[in-house]
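The values are calculated or read from the model by the stated rules, or taken from the named source; none is laboratory data. Keep in mind that this is a model prediction, so the values were computed, not measured. Note that we place each Cβ from the backbone using ideal geometry, even for glycine, and neighbour counts take in every protein chain shown.
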Amino acid sequence: MVMQFQPIGPAARTDQVAFDRKELGVILALYGRMVAAGEWRDYGISHLSDAAVFAVFRRTAEHPLYRIEKRPKLRDRQGQYSVIGMDGQILKRGHDLKTVLRVLERKLIRAVDDL
């Protein structure tokens with residue numbers, strides 16, 4: 001797994017966007033269910049100056065299947081959270097992370113039904 005850690009305290013950089021603990025809890029709960037279903041295998045987190053990105057992979061050395069992005073500058077417009085597919089298409093966008101992630105929950109239901 002690829003992880004980038006944010007410094008805590010006075011050394012913390014303020015020019016980066018990051019997921020907070022609650023947001024990561026919601027994302028990692030979904031990730032755990034998808035790993036258990038055999039759909040996902042790896043993830044990566046990036047904290048950029050304008051966005052935080054949680055990328056999901058089926059295999060380690062490929063392009064991400066999905067990107068879960070947090071862009072605070074879009075908070076007052078269409079919502080700061082979005083799920084983006086492998087082809088770059090925005091699958092869902094909104095103000096509430098749990099609601100936005102429901103687009104991926106449907107894929108979990110299909111994966112269980114296929115068994």
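Summary table
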quantity	calculated
Looking only at segment 65-91, and only at residues there that are of a type in the set (S, T, N, Q) and assigned to a loop (DSSP other than H, G, I, E, B), the one that is surrounded by the fewest Cβ atoms within 10 Å (Cβ to Cβ)	Gln89
Residue list for segment 31-58, restricted to those being touching an Asp or Glu at 6+ places or on another chain (Cβ under 7 Å) and part of a loop (DSSP other than H, G, I, E, B)	Ser49, Ala51
Selection from segment 32-54 of residues that are without any contact (Cβ under 8 Å) to a residue 24 or more places away in the chain, more than 19 Å from Arg21 (Cβ to Cβ) and not β-branched (Val, Ile, Thr)	Ala36, Arg41
Among the candidates Gly38, Gly94, Gly79, Gly32, residue that is in contact with a Lys or Arg (Cβ under 9 Å, 6 or more places away or on another chain), at pLDDT below 95 and not basic (Lys, Arg)	Gly79
Members of segment 54-64 found to be surrounded by fewer than 21 Cβ atoms within 10 Å (Cβ to Cβ) and either of a type outside the set (Val, Ile, Thr) or at pLDDT 95 or above (or both), listed by number	Ala55, Phe57, Arg58, Arg59, Ala61, Glu62, His63, Pro64
